[in-house]
Amino acid sequence: MPTTNQPVIPVFFAIDDNYAPYLSVALVSLIKNASQHRQYEINILSDQLNAQHQAELAALATKNVHIQVVAMRPKFKQTMQAAHGKLRGDYETLTIYFRLFIADLFPQYDRAVYLDADVVLNSDVADLYDQPLADNLIAAVPDTFAADHAETITYVEQALGIPIGQYMNSGVLVINMAAWRAHGFSDQFLHLLNTYNFNVLAPDQDYLNLMTQGHILQLPATWNAMPSHSTVVKNPALIHYSLFNKPWHYDDVANDNYFWYYAEQSPDIDQIVLTQAAYDEADKEKDRATEQGLLKAALAVVMAGETNRLIAASKKAAVL
(Lines give C-alpha, C1' and ligand atoms only; values in the text may rest on other atoms or scores of the structure.)
Protein backbone atom coordinates (compact mmCIF):
# COMPACT_ATOMS: atom_id res chain seq x y z
CA MET A 1 0.00 0.00 0.00
CA PRO A 2 1.37 3.45 -0.89
CA THR A 3 1.91 5.79 2.00
CA THR A 4 2.71 9.46 2.21
CA ASN A 5 5.65 9.02 4.55
CA GLN A 6 7.77 6.58 2.54
CA PRO A 7 11.35 7.78 2.11
CA VAL A 8 12.69 9.18 -1.12
CA ILE A 9 14.83 6.55 -2.86
CA PRO A 10 18.27 7.86 -3.83
CA VAL A 11 20.02 5.97 -6.64
CA PHE A 12 23.58 6.74 -7.70
CA PHE A 13 25.42 6.08 -10.94
CA ALA A 14 28.99 7.10 -11.80
CA ILE A 15 29.85 7.60 -15.47
CA ASP A 16 31.90 9.43 -18.06
CA ASP A 17 30.84 10.42 -21.59
CA ASN A 18 31.65 6.95 -22.94
CA TYR A 19 28.97 5.34 -20.79
CA ALA A 20 26.21 7.95 -21.17
CA PRO A 21 24.34 6.04 -23.94
CA TYR A 22 24.19 2.87 -21.83
CA LEU A 23 23.13 4.76 -18.75
CA SER A 24 20.17 6.04 -20.77
CA VAL A 25 19.13 2.40 -21.23
CA ALA A 26 19.52 1.71 -17.51
CA LEU A 27 17.39 4.76 -16.70
CA VAL A 28 14.68 3.74 -19.17
CA SER A 29 14.48 0.36 -17.42
CA LEU A 30 14.46 1.91 -13.96
CA ILE A 31 11.69 4.33 -14.88
CA LYS A 32 9.58 1.70 -16.62
CA ASN A 33 9.59 -0.46 -13.47
CA ALA A 34 9.32 2.33 -10.88
CA SER A 35 6.25 2.51 -8.68
CA GLN A 36 3.99 5.49 -9.23
CA HIS A 37 3.62 5.69 -5.44
CA ARG A 38 7.29 6.27 -4.64
CA GLN A 39 9.68 9.14 -5.25
CA TYR A 40 13.12 8.51 -6.76
CA GLU A 41 16.16 10.78 -6.88
CA ILE A 42 18.71 9.72 -9.49
CA ASN A 43 22.16 11.20 -8.94
CA ILE A 44 24.52 10.84 -11.90
CA LEU A 45 28.05 11.37 -10.63
CA SER A 46 30.43 12.47 -13.33
CA ASP A 47 33.41 14.61 -14.14
CA GLN A 48 32.92 16.92 -17.12
CA LEU A 49 29.99 15.09 -18.75
CA ASN A 50 29.26 16.99 -21.96
CA ALA A 51 26.19 19.19 -22.28
CA GLN A 52 24.43 17.00 -24.85
CA HIS A 53 24.65 13.92 -22.67
CA GLN A 54 23.54 15.87 -19.61
CA ALA A 55 20.48 17.16 -21.46
CA GLU A 56 19.56 13.73 -22.87
CA LEU A 57 19.78 12.04 -19.50
CA ALA A 58 17.91 14.81 -17.66
CA ALA A 59 15.12 14.68 -20.26
CA LEU A 60 14.29 11.12 -19.19
CA ALA A 61 12.94 12.37 -15.83
CA THR A 62 9.30 11.83 -14.95
CA LYS A 63 6.92 13.19 -12.36
CA ASN A 64 8.28 10.93 -9.64
CA VAL A 65 11.75 10.03 -10.99
CA HIS A 66 13.98 13.08 -10.65
CA ILE A 67 17.37 13.13 -12.36
CA GLN A 68 20.33 15.36 -11.65
CA VAL A 69 23.91 15.33 -12.93
CA VAL A 70 26.40 16.04 -10.15
CA ALA A 71 29.76 17.49 -11.16
CA MET A 72 32.17 15.54 -9.02
CA ARG A 73 35.41 17.45 -9.59
CA PRO A 74 34.71 20.26 -7.06
CA LYS A 75 32.88 17.96 -4.62
CA PHE A 76 35.57 15.31 -4.76
CA LYS A 77 38.47 17.71 -4.37
CA GLN A 78 36.80 19.37 -1.39
CA THR A 79 36.21 16.00 0.25
CA MET A 80 39.80 14.92 -0.31
CA GLN A 81 41.11 18.12 1.24
CA ALA A 82 38.76 17.85 4.19
CA ALA A 83 39.86 14.27 4.82
CA HIS A 84 43.53 15.23 4.56
CA GLY A 85 43.95 12.35 2.16
CA LYS A 86 44.35 11.72 -1.50
CA LEU A 87 43.77 9.01 -4.03
CA ARG A 88 46.52 7.65 -6.20
CA GLY A 89 46.08 8.63 -9.82
CA ASP A 90 44.45 11.72 -11.27
CA TYR A 91 40.89 13.02 -11.19
CA GLU A 92 40.20 11.96 -14.76
CA THR A 93 40.52 8.26 -13.87
CA LEU A 94 38.85 8.06 -10.48
CA THR A 95 35.21 7.40 -11.44
CA ILE A 96 35.41 3.92 -9.91
CA TYR A 97 36.09 5.44 -6.48
CA PHE A 98 33.07 7.78 -6.42
CA ARG A 99 30.84 5.14 -4.82
CA LEU A 100 33.13 4.97 -1.79
CA PHE A 101 32.52 8.63 -0.92
CA ILE A 102 28.82 9.22 -1.50
CA ALA A 103 28.00 8.79 2.19
CA ASP A 104 30.13 11.87 2.96
CA LEU A 105 29.16 13.81 -0.14
CA PHE A 106 25.42 13.31 0.38
CA PRO A 107 24.74 13.51 4.14
CA GLN A 108 21.01 13.97 3.55
CA TYR A 109 20.63 10.25 2.84
CA ASP A 110 20.87 7.48 5.44
CA ARG A 111 20.84 4.72 2.84
CA ALA A 112 21.17 4.62 -0.93
CA VAL A 113 21.42 2.33 -3.93
CA TYR A 114 24.53 2.43 -6.11
CA LEU A 115 24.40 0.91 -9.61
CA ASP A 116 26.96 0.60 -12.37
CA ALA A 117 25.75 2.02 -15.68
CA ASP A 118 25.90 -1.34 -17.47
CA VAL A 119 22.70 -2.67 -15.89
CA VAL A 120 19.02 -2.95 -16.68
CA LEU A 121 16.23 -3.42 -14.20
CA ASN A 122 13.23 -5.71 -14.59
CA SER A 123 11.88 -4.85 -11.13
CA ASP A 124 11.28 -1.76 -9.03
CA VAL A 125 14.56 -0.45 -7.64
CA ALA A 126 12.55 0.40 -4.52
CA ASP A 127 12.47 -3.32 -3.74
CA LEU A 128 16.27 -3.31 -3.75
CA TYR A 129 16.40 -0.16 -1.62
CA ASP A 130 13.97 -1.69 0.91
CA GLN A 131 16.19 -4.70 1.65
CA PRO A 132 16.53 -5.21 5.45
CA LEU A 133 20.06 -3.89 6.02
CA ALA A 134 19.83 -3.82 9.82
CA ASP A 135 23.36 -2.98 11.05
CA ASN A 136 25.11 -4.24 7.92
CA LEU A 137 27.28 -1.82 5.99
CA ILE A 138 26.20 -2.97 2.53
CA ALA A 139 23.92 -5.38 0.73
CA ALA A 140 25.42 -7.03 -2.36
CA VAL A 141 25.73 -10.17 -4.48
CA PRO A 142 28.85 -12.39 -4.78
CA ASP A 143 31.01 -11.73 -7.83
CA THR A 144 30.63 -14.38 -10.52
CA PHE A 145 33.73 -13.55 -12.57
CA ALA A 146 35.93 -14.10 -9.52
CA ALA A 147 34.14 -17.35 -8.67
CA ASP A 148 34.38 -18.70 -12.23
CA HIS A 149 38.19 -18.70 -12.53
CA ALA A 150 40.78 -20.63 -10.53
CA GLU A 151 43.19 -17.69 -10.69
CA THR A 152 40.76 -15.21 -9.13
CA ILE A 153 39.56 -17.71 -6.55
CA THR A 154 43.18 -18.10 -5.45
CA TYR A 155 43.62 -14.33 -5.40
CA VAL A 156 40.47 -13.62 -3.36
CA GLU A 157 41.04 -16.38 -0.83
CA GLN A 158 44.83 -16.12 -0.45
CA ALA A 159 45.61 -12.46 -1.13
CA LEU A 160 42.47 -10.92 0.35
CA GLY A 161 41.69 -13.64 2.88
CA ILE A 162 38.02 -13.76 1.90
CA PRO A 163 36.08 -16.95 1.11
CA ILE A 164 35.11 -16.74 -2.55
CA GLY A 165 31.41 -17.06 -1.73
CA GLN A 166 31.67 -13.93 0.42
CA TYR A 167 33.48 -11.75 -2.13
CA MET A 168 30.92 -9.22 -3.37
CA ASN A 169 30.55 -7.44 -6.67
CA SER A 170 30.59 -3.65 -6.15
CA GLY A 171 28.45 -2.79 -9.18
CA VAL A 172 25.14 -3.20 -7.34
CA LEU A 173 25.04 -2.03 -3.74
CA VAL A 174 22.64 -0.97 -1.07
CA ILE A 175 24.75 1.28 1.15
CA ASN A 176 24.13 1.98 4.83
CA MET A 177 25.20 5.62 4.50
CA ALA A 178 24.54 6.49 8.14
CA ALA A 179 26.78 3.64 9.33
CA TRP A 180 29.53 4.58 6.87
CA ARG A 181 29.59 8.12 8.26
CA ALA A 182 29.40 6.96 11.86
CA HIS A 183 32.41 4.69 11.42
CA GLY A 184 34.48 7.01 9.22
CA PHE A 185 34.52 4.67 6.24
CA SER A 186 36.08 7.09 3.74
CA ASP A 187 38.83 8.20 6.14
CA GLN A 188 39.76 4.60 6.86
CA PHE A 189 39.74 3.76 3.16
CA LEU A 190 42.06 6.68 2.38
CA HIS A 191 44.38 5.66 5.21
CA LEU A 192 44.57 2.10 3.91
CA LEU A 193 45.09 3.21 0.32
CA ASN A 194 47.75 5.78 1.07
CA THR A 195 49.64 3.96 3.83
CA TYR A 196 50.17 0.68 1.99
CA ASN A 197 51.30 0.41 -1.61
CA PHE A 198 49.32 -2.73 -2.38
CA ASN A 199 48.86 -3.99 -5.91
CA VAL A 200 45.23 -5.12 -5.77
CA LEU A 201 43.29 -6.40 -8.76
CA ALA A 202 40.07 -4.36 -8.46
CA PRO A 203 40.83 -1.40 -6.17
CA ASP A 204 37.33 -0.17 -5.33
CA GLN A 205 35.82 -3.64 -5.08
CA ASP A 206 38.70 -5.22 -3.18
CA TYR A 207 38.93 -2.47 -0.57
CA LEU A 208 35.15 -2.40 -0.16
CA ASN A 209 35.14 -6.15 0.50
CA LEU A 210 38.08 -5.99 2.88
CA MET A 211 36.53 -3.20 4.93
CA THR A 212 32.99 -4.57 5.19
CA GLN A 213 33.61 -8.29 5.74
CA GLY A 214 31.27 -9.72 8.37
CA HIS A 215 28.83 -6.84 7.92
CA ILE A 216 27.35 -7.64 4.51
CA LEU A 217 23.77 -8.62 3.73
CA GLN A 218 24.18 -11.13 0.92
CA LEU A 219 21.43 -10.66 -1.63
CA PRO A 220 20.07 -13.35 -3.95
CA ALA A 221 21.71 -13.45 -7.38
CA THR A 222 18.50 -12.19 -8.98
CA TRP A 223 19.51 -8.68 -7.82
CA ASN A 224 22.78 -8.76 -9.76
CA ALA A 225 22.60 -11.32 -12.54
CA MET A 226 26.10 -11.26 -14.00
CA PRO A 227 27.51 -13.41 -16.79
CA SER A 228 28.68 -16.74 -15.39
CA HIS A 229 29.97 -20.08 -16.60
CA SER A 230 28.28 -21.91 -13.74
CA THR A 231 25.33 -19.85 -12.46
CA VAL A 232 22.05 -19.33 -14.28
CA VAL A 233 19.65 -16.79 -12.81
CA LYS A 234 16.02 -17.25 -13.76
CA ASN A 235 13.73 -14.22 -13.91
CA PRO A 236 16.44 -11.70 -12.97
CA ALA A 237 15.33 -8.54 -11.23
CA LEU A 238 18.50 -6.75 -12.31
CA ILE A 239 20.93 -7.75 -15.08
CA HIS A 240 24.53 -6.57 -14.91
CA TYR A 241 26.58 -6.78 -18.11
CA SER A 242 29.84 -6.71 -16.22
CA LEU A 243 33.39 -6.65 -17.54
CA PHE A 244 33.53 -7.63 -21.24
CA ASN A 245 30.03 -8.97 -21.64
CA LYS A 246 28.45 -5.92 -23.25
CA PRO A 247 25.46 -6.41 -25.56
CA TRP A 248 26.51 -3.24 -27.37
CA HIS A 249 29.72 -5.08 -28.35
CA TYR A 250 28.62 -8.70 -28.74
CA ASP A 251 25.48 -10.39 -30.06
CA ASP A 252 25.61 -13.51 -27.88
CA VAL A 253 25.59 -12.05 -24.36
CA ALA A 254 23.46 -13.75 -21.71
CA ASN A 255 20.21 -11.87 -21.07
CA ASP A 256 20.87 -9.46 -23.91
CA ASN A 257 17.16 -9.57 -24.86
CA TYR A 258 16.41 -7.46 -21.80
CA PHE A 259 18.99 -4.87 -22.80
CA TRP A 260 17.64 -4.50 -26.34
CA TYR A 261 14.06 -4.29 -25.10
CA TYR A 262 14.91 -1.19 -23.07
CA ALA A 263 17.46 0.12 -25.58
CA GLU A 264 14.72 0.38 -28.22
CA GLN A 265 13.09 2.98 -25.94
CA SER A 266 16.33 4.90 -25.38
CA PRO A 267 17.17 8.16 -27.20
CA ASP A 268 20.58 6.62 -27.94
CA ILE A 269 19.38 3.48 -29.73
CA ASP A 270 20.86 4.48 -33.10
CA GLN A 271 24.28 5.14 -31.60
CA ILE A 272 24.18 1.87 -29.65
CA VAL A 273 23.37 -0.16 -32.78
CA LEU A 274 26.21 1.52 -34.67
CA THR A 275 28.61 0.84 -31.79
CA GLN A 276 27.85 -2.87 -31.89
CA ALA A 277 28.22 -3.01 -35.68
CA ALA A 278 31.60 -1.28 -35.50
CA TYR A 279 33.01 -3.60 -32.82
CA ASP A 280 35.32 -5.75 -34.89
CA GLU A 281 37.50 -8.84 -34.36
CA ALA A 282 40.47 -6.71 -33.29
CA ASP A 283 38.36 -5.23 -30.48
CA LYS A 284 37.23 -8.67 -29.41
CA GLU A 285 40.78 -10.00 -29.42
CA LYS A 286 41.78 -7.09 -27.21
CA ASP A 287 39.02 -8.08 -24.77
CA ARG A 288 40.28 -11.65 -24.68
CA ALA A 289 43.84 -10.48 -24.08
CA THR A 290 42.72 -8.13 -21.32
CA GLU A 291 40.81 -10.91 -19.57
CA GLN A 292 43.84 -13.18 -19.68
CA GLY A 293 45.94 -10.32 -18.37
CA LEU A 294 43.61 -9.93 -15.39
CA LEU A 295 43.88 -13.60 -14.54
CA LYS A 296 47.68 -13.51 -14.78
CA ALA A 297 47.76 -10.39 -12.62
CA ALA A 298 45.64 -12.13 -9.98
CA LEU A 299 48.19 -14.92 -9.62
CA ALA A 300 51.08 -12.46 -9.74
CA VAL A 301 49.77 -10.70 -6.63
CA VAL A 302 49.65 -14.01 -4.77
CA MET A 303 53.11 -15.02 -5.96
CA ALA A 304 54.57 -11.66 -4.89
CA GLY A 305 54.22 -12.77 -1.26
CA GLU A 306 52.36 -9.68 -0.04
CA THR A 307 49.27 -11.57 1.05
CA ASN A 308 49.84 -11.68 4.80
CA ARG A 309 50.74 -7.98 4.95
CA LEU A 310 47.67 -7.05 2.89
CA ILE A 311 45.30 -9.12 5.02
CA ALA A 312 46.75 -7.81 8.29
CA ALA A 313 46.57 -4.19 7.13
CA SER A 314 43.02 -4.53 5.88
CA LYS A 315 41.86 -5.97 9.19
CA LYS A 316 43.22 -2.89 10.91
CA ALA A 317 41.21 -0.72 8.55
CA ALA A 318 37.97 -2.71 8.84
CA VAL A 319 35.13 -0.34 9.58
CA LEU A 320 33.63 -2.43 12.39
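For the stretch 217-290, the gyration tensor built on C-alpha atoms gives an oblate shape. Its axis ratio a/c (a ≥ b ≥ c) is at least 1.5, and a/b is not larger than b/c.
Comparing mean-square fluctuations of L137, L243, L219 from a GNM of the chain with C-alpha springs under 10 Å, the top value falls on L243.
Note on the chain: with a GNM built from Cα contacts shorter than 10 Å, the maximum mean-square fluctuation among A298, A263, A278 falls on A278. For the stretch 9-317, with all protein chains in place and a probe radius of 1.4 Å, 51% of the accessible heavy-atom surface sits on carbon or sulfur. Roughly what % of Cα-Cα distances in the stretch 9-317 sit above 24 Å, to the whole percent? Of the Cα pairs, 53 percent sit more than 24 Å apart. Label positions at A51 and D110, each projected 7 Å from the Cα along the C-beta direction, are separated by 4.1 nm. Report note on the peptides 201-207, 168-174: ranked by the mean count of other C-beta atoms within 10 Å, highest first, their order is 168-174, 201-207. Between M177, N50, A298, the Cα set farthest toward the positive side of the dipole of the chain (charges on each charged residue's Cβ, about the Cα centre) is that of M177. FRET efficiency for Q265 and K296, Cβ-Cβ distance as r, R0 = 45 Å, nearest 0.05? It comes to 0.65. Under 15 Å of direct C-alpha separation, and excluding same-chain neighbours fewer than eight residues apart, K284 reaches these aspartates and glutamates: D251, D252. Look at the Cα gyration tensor of the stretch 95-235: its axes a ≥ b ≥ c give a/c of at least 1.5 with a/b at or below b/c, and that counts as oblate.
Residues considered: D17, D104, D287. Largest GNM mean-square fluctuation over the chain, using C-alpha springs under 10 Å, is found at D287. By the helix-only formula, in which each DSSP H run with n ≥ 4 contributes -39500 (n - 2.57) and the sum is divided by residues, the chain has a 222 nm mean residue ellipticity of -11500 deg cm²/dmol. One decimal place: the segment D283-T62 gains 75.8 nm when fully extended, by the rule 0.36 nm per residue minus the C-alpha distance.
The values are calculated or read from the model by the stated rules, or taken from the named source; none is laboratory data. The model shown is predicted, which means the values in this text are computed figures rather than measured ones. Note: ideal-geometry Cβ built from the backbone for every residue, glycine included; neighbour counts use all protein chains shown. Quick note on the areas: whole protein, heavy atoms, side chains included, nothing else; ligands and nucleic acids left out. Shrake-Rupley method; radii C 1.70, N 1.55, O 1.52, S 1.80 Å.
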